[in-house]
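The values are calculated or read from the model by the stated rules, or taken from the named source; none is laboratory data. Please read these numbers as outputs of a predicted model, since none were measured by experiment. As a convention, Cβ positions derive from the backbone with ideal geometry for all residues, glycine included, and neighbour counts pool all protein chains shown. The accessibility values were calculated without ligands, DNA or RNA, using every heavy atom of the protein model including side chains. Shrake-Rupley method; radii C 1.70, N 1.55, O 1.52, S 1.80 Å.
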Amino acid sequence: QVQLVESGGGLVQAGGSLRLSCATSGGTMRNYYMGWFRQPPGKEREFVASISQRGLLINYADSVKGRFTISRDNAGNTMYLEMNSLKPEDTAVYYCAASPFVPVSSPKNVRNWGQGTQVAVST
């Protein structure tokens with residue numbers, strides 16, 4: 001079972017940028033579909049972005065298209081989420097997700113979760 005550890009969250013002003021990282025261990029990262037979800041305060045967990053094992057298939061939620069970029073470094077066992085032009089509505093706990101079998105397009109498809117990292121965007 002792969003273990004996931006997120007980092008890079010923090011407090012940023014609207015219009016700013018952050019880069020989240022998801023370090024993996026205990027498994028072969030290149031065998032896993034990977035992705036990011038987020039859970040805003042008082043709301044359900046929602047899909048942000050996903051990436052296939054070799055990075056050939058990438059999908060984004062409409063709310064982040066053109067602002068966020070997902071990428072992965074299988075040799076370095078790390079996945080990234082570059083977040084630009086951040087908005088207050090991007091405030092959430094961001095979770096790294098992985099699945100060995102299917103794309104992580106929905107929480108129900110996720111086999112492994114990280115512990116989450118808080119992102120707060122101020123006005």
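Structural descriptor for the chain: relative contact order 35 percent, calculated from alpha carbon pairs under 8 angstrom and at least 6 residues apart.
Could you work out the local net charge near T123, counting Lys and Arg as +1, Asp and Glu as -1, over the other residues with Cβ closer than 15 Å to its Cβ? Value of the local net charge: -1. Accessible surface calculations at 1.4 Å, restricted to protein heavy atoms, place the chain at 50 Å² per residue. Starting from 0.36 nm per residue, how many nanometres of slack lie between E44 and S71 once their C-alpha separation is accounted for? Here the segment from E44 to S71 would lengthen by 7.3 nm. Counting only residues at least eight positions apart within a chain, or on another chain, the aspartates and glutamates with an alpha carbon under 19 Å from that of K108 are E44, E46.
Shown in residue order for region 12-27 are the 3J(HN,Hα) couplings computed by the Karplus curve 6.51 cos²θ - 1.76 cosθ + 1.60 at θ = phi - 60°: 9, 7, 4, x, x, 9, 9, 10, 8, 10, 10, 8, 10, 7, x, x Hz (x for Gly and Pro). Where a Cα-Cα gap under 19 Å defines reach, which aspartates and glutamates qualify for K43, not counting those fewer than 8 residues away within the same chain? Those aspartates and glutamates meeting the cut-off are D62, E89, D90.
Coupling constants for region 29-34 follow from the phi torsions by the Karplus curve (6.51 cos²θ - 1.76 cosθ + 1.60, θ = phi - 60°), and in residue order they are 4, 5, 8, 10, 5, 10 Hz; glycine and proline get x. For the pair V5 and A120, label points projected 7 Å from Cα toward Cβ lie 2.4 nm apart. The chain has equivalent-ellipsoid semi-axes of 23, 14, 13 Å, by the square roots of 5 times the alpha carbon gyration tensor eigenvalues, sorted largest first.
Remark: region 89-98, residue by residue, has Karplus-estimated 3J(HN,Hα) of 6, 7, 4, 4, 8, 9, 10, 7, 9, 8 Hz, where x stands for each Gly or Pro and the curve is 6.51 cos²θ - 1.76 cosθ + 1.60 at θ = phi - 60°. Restricting the chymotrypsin sites (Phe, Trp or Tyr not before Pro) of region 82-123 to loop positions (DSSP other than H, G, I, E, B) with no more than 16 neighbouring Cβ atoms within 10 Å leaves F101.
Quick one: longest stretch of the chain between exposed loop trypsin sites (Lys or Arg not before Pro), exposed meaning at most 10 other C-beta atoms within 10 Å and loop per DSSP? Could the numbers behind the result be given before it?
On the way: sites that count: K43, R54, K65.
Longest gap between qualifying sites, sites excluded: 66-123.
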